[in-house]
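Please read the structure below before turning to the comments.
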Amino acid sequence: MSEEDVFVDEEEFEAPANPEEVAAARKELERRCKEANIELRESEGFIDGETVLEVGMPAARETRWVYLFDLEDMKRFLSIPFERYVFLEDYAAICSYADAEIEAVIRPLNSYSPRILYRKLFSVAAKDDDIPEDELIRIVLSPETSSGTPEIIIGPASDTLKSLSRGLIRHRLSLRLSGARVSQHDQALSLLEKISNSLFFQIDLLTDISLSLESARRRNRPRGARSKAQSIVAGLQYPRTEYDEAPASLYWYAKSAIGMPLLQFLAFYQVIEFYFPTYYQAEANRKIRAILKDPTFRSDRDADLGRILGAIQLNRSGGFGDERSHLKATLVECVDADGLRQFLEENEERKSFLSSKAKGLTEHKLPIANPGLDLRNDVADRIYDIRCKIVHTKSDSRDGEVELLLPFSKEAEQLYHDISLVEFLARQVLIAASTPLTI
């Protein structure tokens, strides 16, 4: 369980629940899960002695865990027919084949809060915010024919979706397909995506409000990881260094791009990219200087001049070297090999993920198991491969055509450890390129 999955209002404290009532609710939950062949397990919470129940709901070929923290969570979960539902892969969406119903959380692609989105979408005045939830406006679009086309409903999320998706608040909207005659996960997913893409595009044209299906909440931090708890008072000191404005701005932009993994990865990469000319030129200078110092070098010999041209590697645009070479040179100049290895090995989940092939993400796995190997070139290959898939480039690809890495895809959601890696590299490059602070 990750900290991102915890929704706690520290200002609200409830009286301790009756132990007998808790035991009865848990027994009923265990019975229903067993009958439906749904896994139920217990894990440690973030407070000493706290336990959390985790219900393993089916989601295509995976399991999506629903966390129950207290008696109220258990009561709410037991009040819905959870056995009849499965999750749809990649989205905060549920489907009941028996009830022919699909429902998915929708969100704005800008900074609107759920309340403001509700007002804008339904043209509701602020004074009407206190309307009971069962009286809130809904849009119902009925099919023109009865040939199995579902009815479309946009409105407040149902109690079932709220209970299964955790943390949904008042005014959070959903897209519901009623009469969706599907019997398989992929059919349901395809129908939801087709209708939502068409409907949201129409809404965008009519209202200039951009909507999207809410992505599934995935663990954004390895299980068991904790935030840094060091006291800021103990570690803070007067600034002694300054950082270049442009890459520093890109760094903070990347840090702010929470929930947008492709954008976040690319922004951290651009921090490193800013210094490519500086550090690749330094490497080229060293190579050329070594050639010129060779006592056997002769400027009138074509082979020796070819050695110099080979050292600087002119690219198609007339610049020095290709981007992969620039990246490798920058990492060699700015990143300590031992420090990099320590970062890769300090977390077992990170080490395991980056040491393996990530299907659809990259074929470059890091040989971390080899203790004496300098990993900087291998890291550069992996980072560059992912960068190419994000920007959809086919240039300088050693493996032929580049596979696209798309937003909202499962592969994009798997970028967590690679984002951590490129963030570490960006920090090291910023530090190496920093200068003494002048005011």
- Would you say residue 273 is over 30 Å from residue 392 (Cα atoms), within 34 Å of the chain's Cα centre (by Cα) and modelled with pLDDT of 85 or more? no
- Message: Among the residues of the range 396-421, what is the count of those that are at pLDDT 80 or above and either under 26 Å from residue 333 (Cβ atoms) or touching a Phe, Trp or Tyr at 6+ places or on another chain (Cβ under 6 Å) (or both)?
- Response: 6
- Task: Could you identify the single residue in 74, 1 that is at pLDDT 90 or above, surrounded by 12 or more Cβ atoms within 10 Å (Cβ to Cβ), in contact with a strand residue (DSSP E or B) (Cβ under 6 Å, 6 or more places away or on another chain) and not hydroxyl-bearing (Ser, Thr, Tyr)?
- Result: 74
- Screening 393, 435 for residues that are polar (S, T, N, Q) and at pLDDT 80 or above leaves only 435
- Query: Of all residues in the range 53-71, which are closer than 20 Å to residue 176 by Cα and in contact with a strand residue (DSSP E or B) (Cβ under 7 Å, 6 or more places away or on another chain)?
  - Reply: 57, 58, 59
- Message: Among the listed residues 175, 168, identify the single one that is modelled with pLDDT under 85, in contact with a Ser or Thr (Cβ under 9 Å, 6 or more places away or on another chain) and not in a helix (DSSP H, G or I).
- Response: 168
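The values are calculated or read from the model by the stated rules, or taken from the named source; none is laboratory data. All values reported here derive from a predicted model rather than from experimental measurement. Every residue, glycine among them, receives a Cβ derived from its backbone with ideal geometry; neighbour counts consider all protein chains shown.
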